[in-house]
Amino acid sequence: MSEKKEALFSKKNRKLMTDPLDGSNPISVQVLGICSALAITVQVEQAFVMSAAVMAVLIFGNLIVSAMRNLIPSRIRIIVQLVIVAALVILVNELLKAFMPDVSEKLSVFVGLIITNCIIMGRLEAFALGNKVWPSLLDAIGNGIGYGWILVVVAFFRELFGSGKIFGFQIIPESFYDAGYMNNNMMILPPMALITVALIIWVQRSKNIDLIEEN
Amino acid sequence: MQDLVNIFVKSVFIDNMIFAYFLGMCSYLAVSKTVKTAVGLGAAVIFVLGITVPINYLLENYVLKAGALAWLSDDLAEVDLSFLSFIMFIAVIASMVQLVEMIVEKISPALYGALGIFLPLIAVNCSILGGALFMQERQYSTIAEATAFGLGSGFGWLLAIVAIAAIREKIRYSNVPAPLRGLGITFIITGLMGIAFMSFMGIQL
């Protein structure tokens, strides 16, 4: 009796990767990892670096935990996961300091806070502990991208309206400013990040009415 | 003494963990459905921040910082262990939470009943690790200042979560647009509260 081998990109596996982009998005639906998502979205560049960092930690964390899942005693699993994640975050932080010192400066404590980012712990706990390595990898990639796109979209609007730039390049032409256009300084302030995310949630849930909550 | 009060007030209102840095948002959103549970979690956060920030301060200044080991012997005066700070801080936090949980259970079963379910949640609350990392970044000069900062941040967090829980209890009776119900409207209200808290920024301390 031979078990039928599952194809690498079977329908089920593809679903693991595409679901977190919309229907079970880590930020707007699972409500994980909000802290960092809001604080570092003033500029698109920071948002990119941050999502790349989170994704790297998530992928390697998921891989390691999933590979070790039969060795970790369930009583101390939280500590084991924290140590694995903390070690990965230290690596990411040292790399950022070495190769992108100015971005690392701006992200300040938020790189360290990836350790307690709920997405990482949530995915390790909910997925990697109970699944094989390959599905865990796909799950990590899917959730990483699902987290990243919200960050980049929020940062895009905040940087565009807040300082008229994208990636540090001036987008809104000088003539607009001469005609009386002003940057909306409000967009740079922390509260507007919350409201931008709320607008994304609004759009997403009007399209996908299954996600609407009870009041 | 006045310095300590200044640091405390500053970390409650101006550098509020939720409204200025969004730390601890996950539990803030998840546990703010009723005021009672919000008060419980807030108290636990004050408690844990008040203990872990001073401990991490000692660790930072006598073990991790560049030259911090000089008190052991002159050979170690050059050692810089600051790259280890993340893993040390999180280890301290996780073990302190465990310890606090056991002590509270032994000494005051009533308090344990009230805080019990929230304590394990706190180990992965960003505001606790955030408190340790901000303490490291801002380089407070004495342990008393670090403690004032820890307690102040915890108190600011309690203030925020109790306020949002009270609003959410009332908003149940309002007619919110369907797609915004639950998460969306909570985000918007937090944003508006954040704007209100920004009015404290003008205070010079």
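The values are calculated or read from the model by the stated rules, or taken from the named source; none is laboratory data. Since the structure is predicted, the reported quantities are computational estimates derived from the model, not experimental observations. Reconstructed Cβ throughout: ideal geometry from the backbone, glycine too, with neighbour counts over all protein chains shown. What goes into the accessible areas is simple: the full protein's heavy atoms, side chains included, and nothing from ligands, DNA or RNA. Shrake-Rupley method; radii C 1.70, N 1.55, O 1.52, S 1.80 Å.
Solvent exposure of A:E45, expressed as accessible area, is near 80 Å², computed with a probe of 1.4 Å over the protein chains only. Solvent-accessible area assigned to carbon and sulfur over chain A amounts to 67 percent, based on a 1.4 Å probe.
Charge tally for B:V79 (other residues, Cβ to Cβ under 15 Å; Lys, Arg +1; Asp, Glu -1): -4. Between 0 and 90 degrees, the angle of helix B:143-171 with respect to the longest Cα principal axis of chain B falls at about 10 degrees. The orientation-averaged shadow of the Cα convex hull for region B:2-202, equal to a quarter of the hull surface, comes to 13.4 nm².
Rounded to a whole number, what is D in µm²/s for region A:10-95 from Stokes-Einstein with the Kirkwood radius over alpha-carbon pairs (4 °C, 1.567 mPa s)? The partial results should precede the final answer.
Values: Rh = 14.8 Å.
Translational diffusion coefficient: 87 µm²/s.
Entry note, chain B: the mean residue ellipticity at 222 nm calculated from DSSP H runs of n ≥ 4, each adding -39500 (n - 2.57), is -20500 deg cm²/dmol after division by the residues and rounding to the nearest 500.
Among A:173-181, B:2-10, A:79-87, sorting by the average number of other beta carbon atoms lying within 10 angstrom of each residue, highest first, gives A:79-87, B:2-10, A:173-181. Structure remark: mean-square fluctuation, Gaussian network model of chain A, C-alpha springs under 10 Å; the largest value among A:I34, A:I201, A:I171 belongs to A:I171. Which entries in A:K97/A:K165; B:K10/B:K170; A:K11/A:K132; A:K97/B:K65; B:K10/B:K36 show an alpha-carbon gap greater than 20 Å? Beyond 20 Å: A:K97/A:K165; B:K10/B:K170; B:K10/B:K36. Look at the Cα gyration tensor of the protein assembly as shown: its axes a ≥ b ≥ c give a/c under 1.5, and that counts as rounded.
For helix B:85-107, report the angle its Cα long axis makes with the longest principal axis of the Cα atoms of chain B; keep it between 0 and 90° and round to the nearest 10°. The answer is roughly 70 degrees.
Mean Kyte-Doolittle of at least 0.5 and a Cα length of 18 Å or more along the axis: which whole DSSP H helices of chain A meet both?
Details: long enough: A:44-67 (34 Å, 1.81); A:77-99 (33 Å, 2.06); A:133-163 (43 Å, 1.10); A:190-207 (27 Å, 0.97).
Qualifying helices, which must be both long enough and hydrophobic enough, are A:44-67, A:77-99, A:133-163, A:190-207.
Over region A:21-209, the pair-distance histogram of Cα-Cα distances with 10 Å bins from zero comes to 9, 33, 32, 18, 6, 2, 0 percent, rounded to whole numbers.
Nearest 0.05, what FRET efficiency do A:A67 and A:Y181 give at R0 = 45 Å with Cβ-Cβ as r? Working shown, then result.
On the way: r = 54 Å, r/R0 = 1.21.
Efficiency computed from Cβ-Cβ geometry: 0.25.
Considering only B:M25, B:M102, B:M17, the mean-square fluctuation computed in a Gaussian network model of chain B, springs between alpha carbons under 10 angstrom, is largest for B:M102.
Full extension of the chain between B:A30 and B:A91 gives 19.5 nm of extra length, using 0.36 nm per residue less the Cα-Cα distance.
How far, in degrees from 0 to 90, does helix B:126-138 lean away from the longest principal axis of the Cα atoms of chain B, to the nearest 10? Its long axis makes an angle of about 50 degrees.
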